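Report on one structure; see the data block that follows.
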Amino acid sequence: MHALFLASALLVGCLLAVQASVNLQLNKAVGTPYGASTLQLGVATALLAILAVAVGAIGAVRFVPGVPLWHLLGGLASPLYITSGILLFPRLGALAAAGLFVTGQMFASLGLDLFGLFGITRKPLSVGIALGALAVLAGITVIIRGQRPAQSPPAAGPAPGGTASTAGTAARGGTATVTAAAPAAVRSSGSLGQSGWILLGIVAGAVLPVQGAVNAELRKDIHEPVTTAMISFIVATITIAVVLLVLLATRRTPRPQLGGLRTMPWWGWLGGACAAAYVTATFTLIPTIGAATTVALTVTGQQVASAVIDNYGFLRLPRRPLNAPRLSGLALLIVGSVLVQLT
């Protein structure tokens, strides 16, 4: 049974990479990353609400009025992470984007441990943790420096609303352009530049451990993990919906085009299910196999799945074959992640 729990943690880590990849299809159909994020988070919220009703946990919402306000804010991290994935995966590739997320996760979790923030038990710095942090830094540096131009995937038919080559979304006011077939050169992509996209990836990854710590406090208040996840996603959905409305009002993003959803592949809807499964599984696994083991395995699954998606061009992403530097960087990321979490 313990082996099953360990395998489950590895699998839900893989779902994070799948989630970010399939969300690109939703983005192409809707025409704006903020609209795609709103839809994806709405789907996840609906699935968790159905699950909460099915298991009889929905009644725990009665505890919400007595909860400290900051315990409800864990959901703010999800819109940033999901939207960043939509923006970064076509530009940097699945492996590099996931590597940046992992780097942010590792250093944020390290900060939470060292300083005992948000109710986390304080953990002293050890040689193993320091070596792990250095390995993560070395790994992501090797992966980014080893980037090669992406190989466009085989034509998959016209994109919603036009041809396959015109499926990108042009956002106004400096907001990046999300293309269907990732640009060949990362350095010239978008208005942020490569350093800006790298920083975005690290920040987006860093908010996930903070979200987990805040949601852990919320779970103590309402006692039900599924309801905790549902509340977190409600906050996330409201947040990204407000952002979308503000951007629409200021004409900084295109209006969502829901007609394209009819021609989107069926698996384009799986992002919400992946998100709901990940959150629910981590809440369930942490009390059983421990937080450190859960994080180490989910992060490893995320990196391995991203490498496979990149190498074979799965889910209509352009192929970025695994060369020696990228494989070395992947190994360093995995070793560093395990050292940081389990030392």
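Here is how the numbers come out for the structure above:
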| read-out | value |
| --- | --- |
| Per-residue HN-Hα couplings for segment 33-44 [Karplus 6.51, -1.76, 1.60; θ = phi - 60°; Hz; x = Gly/Pro] | x, 6, x, 5, 5, 4, 5, 4, 5, x, 5, 4 |
| HN-Hα J in Hz across segment 105-110 - Karplus 6.51, -1.76, 1.60, θ = phi - 60°, x for Gly and Pro | 4, 5, 6, 5, 5, 5 |
| Burial ranking of peptide ranges 107-117, 243-253 (average Cβ count within 10 Å, highest at the top) | 107-117, 243-253 |
| Distance between segment 190-223 and segment 114-143 - C-alpha centres, whole angstrom | 16 |
| Calculated P(r) tail over 19 Å for segment 22-151, as whole % of Cα pairs | 67 |
| Nearest-0.05 FRET efficiency for Ala138 and Tyr312, computed from C-beta distance (R0 30 Å) | 0.70 |
| Cα gyration tensor shape of segment 1-85, rounded if a/c is under 1.5, else prolate or oblate by comparing a/b with b/c | oblate |
| Ordering of 205-214, 119-128 by burial proxy (mean other Cβ atoms within 10 Å per residue, highest first) | 205-214, 119-128 |
| Packing-based order for 255-261, 10-16, using average beta carbon neighbours within 10 Å, highest first | 10-16, 255-261 |
| Rough spin-label spacing in nm, given labels placed 7 Å along Cα→Cβ, for Lys220 and Leu245 | 3.4 |
| Part-to-part distance (alpha-carbon centres) for segment 1-62 and segment 294-317, which is given in Å | 17 |
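Where a number appears in this text, it was derived from the coordinates with a stated rule and is not lab data. None of these values were measured; they are calculated from a predicted model. Note: ideal-geometry Cβ built from the backbone for every residue, glycine included; neighbour counts use all protein chains shown.
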